[in-house]
Structures are given as structure tokens and as C-alpha cells.
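In what follows, a structure is listed as C-alpha cells, so that the remarks can point back to it.
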Amino acid sequence: MGLEAIIIALVVGAVAGWLAGQIVRGVGFGLIGNIIVGIVGAFIAGWLLPKFGIPLIGGSIIGPIIYATIGAVILLLIIGLFKRA
């Protein structure tokens, strides 16, 4: 994995984590936490969404951001459930 790929993954993770934090209110982790949530969310979406027949959207950077945001929202909802318990 080259430096360019790492930078793109960090940017996608940051944007996806921030968007997920805006969608799921009350479960924010700051900039570094949002990047981690976004990257983990991308892995969750990459594993879970194809099982439901949902392919990766688009060919530009917007598709992976949407995909990672969906996964990050799922992750934040699961974290929110554990925080309440």
C-alpha cells in the first residue's frame, strides 16, 4: 500500500466518520476517533453490504465515502447500544 492510498483511506475515513457522527447524534469521538470509525465502517460495509446484494456505488471518491458512511453509521449504532447498557 503506497503513501497515496494511505492518504486516500484517511481522508475517506475522516469524511465518513464525520458524516456518520452527524447522522447518529450523541456518539462522537473527535477527529482521530472519526477517522478510525470511518475506516472500520468501510470494512464493515465492504463485508456486510455485498451479502445483501448492494454493490459499491459509483467509480469516483463519492462511492467509497457513501459506502464507508453506511458502515460507520452501523458501527456507531452498535456502539450506542453498548453505551446505554
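Which one of 28, 33 is touching a helix residue (DSSP H, G or I) at 6+ places or on another chain (Cβ under 6 Å) and either modelled with pLDDT of 85 or more or surrounded by 13 or more Cβ atoms within 10 Å (Cβ to Cβ) (or both)? After applying the criteria, what remains is 28.
When residue 1 is tested against (1) touching a Leu at 6+ places or on another chain (Cβ under 8 Å); (2) farther than 26 Å from residue 83 by Cα, just one condition goes unmet, and that condition is (1). Taking first residues from region 32-43 that are assigned to a helix (DSSP H, G or I) and partners that are open to solvent by less than 50 Å² (accessible area, probe 1.4 Å) and among the hydroxyl-bearing types (Ser, Thr, Tyr), the Cβ contacts under 8 Å between residues at least 6 apart in sequence or on separate chains come to 38/69; 41/69; 42/67. Scanning region 55-72 for residues that are open to solvent by less than 30 Å² (accessible area, probe 1.4 Å) and β-branched (Val, Ile, Thr) returns 65, 69. Residues in region 10-25 that are open to solvent by 40 Å² or more (accessible area, probe 1.4 Å) and not in a loop (DSSP other than H, G, I, E, B): 10, 11, 15, 18, 19, 22, 23.
Figure legend. Inter-residue proximity from region 46-71: first residues outside any helix (DSSP H, G or I), second residues modelled with pLDDT of 85 or more and not aliphatic (A, V, I, L, M), beta-carbon distance below 6 Å, spacing 6+ or different chains. Indicated pairs: 56/63; 56/67; 57/63.
The values are calculated or read from the model by the stated rules, or taken from the named source; none is laboratory data. Predicted, not measured: the structure shown is a model, and the values here were computed from it. So basically every Cβ, Gly included, is an ideal-geometry build from the backbone, and we count neighbours across all protein chains shown. SASA here: full protein model, heavy atoms, side chains in, ligands and nucleic acids out. Shrake-Rupley method; radii C 1.70, N 1.55, O 1.52, S 1.80 Å.
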